[in-house]
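Asks: First the structure, then my questions, so here it is.
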Amino acid sequence: MNETAFVPSAAWIAPFALMLLAIAVLPLAAPGFWASNARKLSVAALLGLPVLVLYARRHPAALVHTGGDYVSFIVLLATLFVISGGVLVTGDIEARPAVNVAFLAAGAVLASLIGTTGASMLLIRPLLSTNRERRHVAHTVVFFIFIVSNTGGCLSPLGDPPLFLGYLLGVPFTWTLRLWPHWTLVNGLLLGTYWVWDRRAHAREAPSAVARDRAEIEPIRVRGTANLVLLLAVVASVASMRAPGRELALVALGAASLLATPKDVREANRFTFHAMGEVAALFAGIFLTMIPALALLRARGTSLGLVTPWHFFWATGLLSSFLDNAPTYLTFLAVAQSLGLPAQVVGVSHEVLAAVSTGAVFMGANTYIGNGPNFMVRALAEERGVRMPGFGGYMLYSGAVLIPCFLLVTLLFFV
């Protein structure tokens, strides 16, 4: 997405803005319409068609380059989705605060290895089963969204879609390991806060619920363990190979998972391709409509007044709270590249890239619509009878818990 030879007029931002607005508003305003992946694809096609015609006439090389990035992006996500959907974790152990913290801590690590979506889908079911005897569970799911679905995923390009897009743009695979202090601080604060919160919640449980929780024990079991080896192969493939060999290897690994995993394992996981189809449809529109927006940002980004790393951390983060964090990452990376900063990595400084990366990954947790797994986890919890907070109620949690963490990140790393 580095094509800058053709810069369209500012009016060509409109399709991209409308695409992001549709993603943010339609799930809430028209949930019945938005439930269909075919309708999502139709919205993406309607908004993307003018851009397709413009660039086919004026700059076809940009379409080819963006198309290649889209294929790489979708192949990786689909491979992780398929393989993680072949691992079934079952069991019901005592839902003590220490046990729940262990679930969340394991998820924080897994999120960077198999992606926030893969880790969320792998762990949310056994976590809900473990806590099924308890009445106070909503806060556990909220912290799960904070940590496993978002903040845990910043240590590798596999962790969250924005970071993989950065990898496609030339960020070295191991660069994200530079973010381990940010990862450690935020996830450590969240786990500590959750432990205190859950101790108080556990103390308020009825004695009969606690007794039933201790009595109804089912050991944790894992099936589909061959998929864990395939996940390691995905990491090796992404780290060591380039397109198109990388994509061919990933497709082969996904196919191997589909063939090797027993059918009943996927049925128990309620595995379908609906969520993956949704991502593919929406990102087809996003990748296409953002071409002129990124060209304009690279050409005129200096006029936005973003200069310091903390500017980029909060600008990227606040937009990622309400819009998809992958295009938001690309947007502000393009702005940073236009400023003539020290070209330490992909045309920007390490500090600014860290600010854009952590802003996109961390602040996707601020709302239900900030990152794809957020809504998926909420839906699964409500299917199991957990009364989850509404959109505003969730933001009360994030405002009270996450914003102080992000202020501390700003002071320690970006000022």
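Asks: Which peptide among 333-341, 185-193, 268-276 comes first, and what is the full order, when sorted by highest mean count of other Cβ atoms within 10 Å?
Replies: 333-341, 185-193, 268-276
Asks: Give, to the nearest whole percent, the P(r) tail of the stretch 222-368 beyond 27 angstrom, counting all Cα pairs.
Replies: 41 percent
Asks: Extension gain Met395-Ala236, at 0.36 nm per residue separation less the Cα-Cα distance, in nm?
Replies: 53.5 nm
Asks: As a check on your grasp of the helix formula, calculate [θ] at 222 nm for the chain: sum -39500 (n - 2.57) over DSSP H runs of n ≥ 4, divide by the residue count, round to the nearest 500.
Replies: Result for the chain, helices only: -23000 deg cm²/dmol.
Asks: So, one more: If Lys and Arg each add +1 and Asp and Glu each add -1, what is the summed charge of the other residues whose beta carbon sits under 14 Å from the beta carbon of Ile147?
Replies: -2
Asks: So how much slack lies between Arg300 and Val229, counting 0.36 nm per residue of separation and subtracting their Cα-Cα distance, in nm?
Replies: Taking Arg300 through Val229 to full extension adds about 20.9 nm, to one decimal.
Asks: Given the peptides 97-110, 356-369, arrange them by the average over their residues of other C-beta atoms within 10 Å, most packed first.
Replies: 356-369, 97-110
Asks: Can you give me the accessible area per residue for the stretch 186-230, using a 1.4 Å probe, in Å²?
Replies: So the stretch 186-230 comes to 62 Å² accessible per residue, rounded to a whole number.
Asks: Can you tell me which of Thr117, Thr151, Thr308 moves the most in a GNM of the chain? Springs connect C-alpha atoms under 10 Å apart.
Replies: Thr308
Asks: Now, a different point. Against the longest principal axis of the chain, how steep is helix 391-409, in degrees 0 to 90 to the nearest 10, with axes from Cα atoms?
Replies: Roughly 70 degrees between the two axes.
Asks: In addition: Which angle between 0 and 90 degrees, to the nearest 10, do you get for helix 309-322 versus the longest principal axis of the chain when only C-alpha atoms count?
Replies: Around 70 degrees separate the two axes.
Asks: Next question, about the same structure. Roughly how many Å is it from the Cα centre of the stretch 1-78 to that of the stretch 171-200, as a whole number?
Replies: Result: 33 Å between the Cα centres.
Asks: If you place +1 on the Cβ of every Lys and Arg, -1 on the Cβ of every Asp and Glu, and leave all else neutral, what size is the dipole of the chain about its Cα centre, to the nearest 20 Debye?
Replies: Using only the charged Cβ atoms, the result is roughly 220 debye.
Asks: What shape does the stretch 268-310 take by its C-alpha gyration tensor, where a ≥ b ≥ c are the square roots of the eigenvalues and a/c under 1.5 counts as rounded, a/b above b/c as prolate, and the rest as oblate?
Replies: It is oblate, given that a/c is not under 1.5 and a/b is not larger than b/c.
Asks: Rounded, prolate or oblate for the stretch 115-237? Axes are the square roots of the Cα gyration tensor eigenvalues, ordered a ≥ b ≥ c, and the cut-off for rounded is a/c under 1.5.
Replies: oblate
Asks: Can you give me the % of accessible surface on the chain that is carbon or sulfur? Probe 1.4 Å, all protein chains present, nothing else counted.
Replies: About 68 percent, which is the carbon plus sulfur part of the accessible surface.
Asks: Among Leu168, Leu177, Leu113, which one shows the highest mean-square fluctuation when the chain is modelled as a Gaussian network with alpha-carbon springs under 10 Å?
Replies: Leu177
The values are calculated or read from the model by the stated rules, or taken from the named source; none is laboratory data. As the structure is a prediction and not an experimental result, all values here were calculated from the model. Note: ideal-geometry Cβ built from the backbone for every residue, glycine included; neighbour counts use all protein chains shown. Keep in mind that these areas ignore ligands, DNA and RNA; they rest on the heavy atoms of the full protein, side chains included. Shrake-Rupley method; radii C 1.70, N 1.55, O 1.52, S 1.80 Å.
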